[in-house]
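One structure is given here, and the rest of the page talks about it.
The values are calculated or read from the model by the stated rules, or taken from the named source; none is laboratory data. As the structure is a prediction and not an experimental result, all values here were calculated from the model. Please note: Cβ atoms are built from the backbone with ideal geometry, for glycine as well, and neighbour counts cover all protein chains shown.
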Amino acid sequence: MSETAVRYLTMLRMVPRFPKSITTTELAERLNEREMPVTKRSIQRDLEKLSTYFPLLVDADARPYRWSFEREATLNIIPALDLPAALTFELARAYLRPMLPPRALSHLQPHFDEAHRALLREKSPLGKWPNRVRVINRGLGGQRPDIDADVLETVTEALLREFQCKLTYQARNWPKPEEILVHPLGLIFRDPNVYLIGTIEGREGVRQLVLHRASGGELVEQPLERPEGFDLDLYISSGAMGILHSREPIFLHLRCDKPVLNHLIESPLGFDQVTTDINENVFEITVTVGDTQDLRWWLAAQAVHCDILEPAWLRQEITSTLEKGLARTQKDG
């Protein structure tokens with residue numbers, strides 16, 4: 001392949017989709033970094049030539065010119081989607097559609113469309129795979145709250161570029177919305193909500209901000225301040241996303257019914273879980289877990305099929321919760 005053809009392909013891969021854009025100056029700098037030195041004038045001529053074959057847009061009012069692909073463009077630049085890649089995009093679409101606002105998904109829509117066409121062309125049974133797979137989230141399956149697309153785009157850009165961002169945020173216990181300066185540390189998708197994990201300027205500790213409670217976002221091009229030693233996986237494993245009651249872990253000893261709770265054998269509650277068969281109807285587990293509200297909800301829900309052997313205080317707490325629930329259902333009227 002000629003050097004010119006290689007440069008064309010490299011340059012096309014650098015052009016973003018509208019509304020983002022790139023200048024001929026920026027393209028020249030990036031090509032130079034890849035040891036493909038070329039003048040801005042040559043880049044301009046190249047892009048004008050390529051625009052007759054590809055859906056390129058140019059802002060001729062800007063100086064230097066700014067280039068982008070059309071928002072809905074299907075970028076048929078090699079390599080073409082093979083069948084496994086097409087299947088992956090189809091499954092990603094099914095999984096992401098309930099989680100992200102339409103504008104966020106629109107950036108991937110051309111790839112989803114191309115994947116769908118690739119599967120329609122496939123005559124083998126693999127082409128029918130998307131009709132045989134569904135994504136079902138556990139839980140009640142209630143409607144997910146709407147997230148402001150501007151907020152999501154601001155937050156994701158801030159995370160990628162490690163910048164701060166401003167949000168107009170309404171916490172449940174705040175009397176009115178406040179503008180806050182956030183140092184974003186990570187995003188967590190926990191059905192049905194999306195959480196921004198970060199610190200708030202002027203306030204202590206790492207916070208969980210529910211994105212659907214934010215109504216406006218603005219990128220602040222200042223480096224974020226990351227708490228020393230912060231790690232998103234450690235934060236999650238600490239139990240922080242389960243509404244912590246305390247930072248002290250719980251050593252849990254349960255007696256469980258078979259086969260109803262056999263999934264605990266297949267999907268352990270923790271890395272140190274030990275399972276012991278008692279008889280054909282019962283097994284026991286010991287495991288270290290976080291002291292969270294989620295744990296309490298789960299134990300209360302499984303009370304018909306699960307006995308809490310240890311700790312005694314937690315068994316008493318769950319018993320009290322169940323007794324209060326029973327009393328409520330038995331109240332007259």
Inset, instruction - State whether the residues of the stretch 167-181 include one that is in contact (Cβ under 8 Å) with a residue 40 or more places away in the chain, among the aromatic types (Phe, Trp, Tyr) and closer than 30 Å to residue 291 by Cβ. - result: yes
Inset, instruction - Could you grab me the full set of residues in the stretch 299-317 that are hydrophobic (A, V, I, L, M, F, W, C) and surrounded by fewer than 16 Cβ atoms within 10 Å (Cβ to Cβ)? - result: 300, 301, 303, 304, 309, 312, 313
Legend entry - Matching entry among 10, 25 (being within 14 Å of residue 59 (Cβ to Cβ), at pLDDT 80 or above and surrounded by fewer than 18 Cβ atoms within 10 Å (Cβ to Cβ)): 25
Inset, instruction - Taking the residues in the stretch 40-62 that are touching a strand residue (DSSP E or B) at 6+ places or on another chain (Cβ under 9 Å) and among the charged types (D, E, K, R) as candidates, determine which candidate is surrounded by the most Cβ atoms within 10 Å (Cβ to Cβ). - result: 40
Inset, instruction - For the stretch 144-159, indicate whether the set of residues that are of a type in the set (S, T, N, Q), at pLDDT 65 or above and surrounded by 12 or more Cβ atoms within 10 Å (Cβ to Cβ) is non-empty. - result: yes
Legend entry - Every residue from the stretch 208-252 that is at pLDDT below 90 and basic (Lys, Arg): 247
Legend entry - Filter result (at pLDDT 70 or above, of a type in the set (Lys, Arg) and under 30 Å from residue 145 (Cβ atoms)) within the stretch 63-119: 71, 93, 97
